[in-house]
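Okay, so here's the structure we're looking at.
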Amino acid sequence: MNYRRIKSVLSRRDISVKDLCRSINVSEQGLHQMIRKQSMKVEVLERISRVLNLDMAFWFHEEMLDEPLAGIAEPLGFDPSQPGNKEAQQLMASFINLVKDFGIFFSRFK
């Protein structure tokens with residue numbers, strides 16, 4: 001998991017750590033400790049994702065830097081099936097890999 005993204009998203013959205021902690025019912029000290037130790041329960045991450053309106057996969061895929069796309073919150077805006085649309089095809093390939101990575105990660109919790 002990419003823990004530094006939590007603070008990055010908060011900074012870009014002008015949300016304080018204190019406000020996030022209040023929203024997810026975790027102490028600031030507890031959140032800082034989770035980030036420092038790079039250890040967090042899935043339920044805490046789910047609450048963070050819900051509050052920030054991000055898909056859980058956002059925290060795990062290193063190549064996804066575009067927050068709206070990472071959260072699957074906005075349409076792509078173009079048809080990836082059109083021949084010659086390399087950008088769309090590359091984006092769709094990245095998305096498919098993300099879905100595979102997401103499945104592999106959560107298969108460990110069965």
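Return yes or no: is MET34 at pLDDT below 95, within 30 Å of MET92 (Cβ to Cβ) and surrounded by 14 or more Cβ atoms within 10 Å (Cβ to Cβ)? Lay out the reasoning, then the answer.
Numbers: at pLDDT below 95: yes; within 30 Å of MET92 (Cβ to Cβ): no; surrounded by 14 or more Cβ atoms within 10 Å (Cβ to Cβ): yes.
No: the conditions fail for MET34.
Against the test of being at pLDDT below 90 and farther than 14 Å from TYR3 by Cβ, the options ASP19, ASP66 yield a single qualifying residue, ASP66.
Per-residue answers, yes or no, for (1) out of contact with any helix residue (DSSP H, G or I) (no Cβ under 7 Å at 6 or more places or on another chain); (2) on the phi > 0 side of the Ramachandran plot; (3) not aromatic (Phe, Trp, Tyr):
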site	(1), (2), (3)
ASP14	yes, yes, yes
ASN25	yes, yes, yes
GLU28	no, no, yes
LEU31	no, no, yes
ARG36	yes, no, yes
LYS41	yes, no, yes
LEU45	no, no, yes
ILE48	no, no, yes
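Residues considered: PHE105, PHE58, PHE95. Of these, the only one that is surrounded by 10 or more Cβ atoms within 10 Å (Cβ to Cβ) and modelled with pLDDT under 60 is PHE105.
The values are calculated or read from the model by the stated rules, or taken from the named source; none is laboratory data. Nothing here was measured: the structure is a model prediction, and the numbers come from that model. In this analysis, Cβ positions are derived from the backbone assuming ideal geometry, glycine residues included, and neighbour counts consider all displayed protein chains.
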